[in-house]
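Below: the structure, in structure tokens.
Derivation of every value follows stated rules applied to the coordinates shown; laboratory data play no part. As the structure is a computational prediction, the values presented were derived from the model and not from experiment. Heads up, the Cβs are rebuilt from the backbone with ideal geometry, glycines too, and the neighbour counts pull from every protein chain shown.
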Ligand SMILES: [Zn+2]
């Protein structure tokens, strides 16, 4: 039995979201049809898609380009923290002691699949580092297998650059393995930054 075409289209749209299977997509679609607030949801979704963009510098999702963080003159532009997701920027900002800029990968590398690599757009990061006067790149990808693989991939790609002044560090391993950056307490995150380890030291000096 097939659903009417508009309903099928809605189910398919929900199915595209991460972690949503066919059953859940159907449940959400039927709920949306019954819920009087659905028009509001549709408008919010449309507005979010229309009014947000990726910052051309840090690739974070923002409503201005460059984003508020990138255009803040008080931030230390010599330090760039690489994270997987926009919500990780929020977590680090909430912890409140990091003063540098960010670069958002919008994903991580899954070594088993291999395919994710091309979605990561590491070229964008490499081009930025080549152009800007960055002295330290802090790899703050998650402390799980994908996060580690992503960090190693970034490190590898940076070797293409002739940048003797660039140091590359990684958040301290004191992080509970498998924990996502976004779930870390303020203190744990502060410690991870304070005790970050060097993967590549500055060679110029
Ligand atoms: Zn930005």
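Assorted remarks:
- Contour minus Cα-Cα distance for residue 132 and residue 38 (0.36 nm per residue): 29.4 nm
- Principal-axis tilt of helix 145-158 within the chain, Cα atoms, nearest 10 degrees: 50 degrees
- At an R0 of 41 angstrom, the distance between the Cβ atoms of residue 31 and residue 194 translates into a FRET efficiency of 0.35.
- Candidates 109, 193, 17, ranked by Gaussian network fluctuation over the chain, Cα under 10 Å, top entry: 17
- Max-minus-min Cα coordinates of the chain on each principal axis give 69, 38, 34 Å, with the largest extent listed first.
- Among 52-59, 63-70, the order from most to least packed when residues are scored by Cβ within 10 Å on average: 52-59, 63-70
- Counting only Cα atoms, the size of segment 5-51 along its three principal axes is 30, 23, 19 Å, in decreasing order.
- Remark: 182, 132 ranked as 132, 182, counting other beta-carbon atoms within 10 Å and listing the fewest first.
- What the Cα convex hull of segment 122-173 gives, in volume per residue, is 71 Å³.
- Ranked 82, 126, criterion: other C-beta atoms within 10 Å, fewest first: 126, 82
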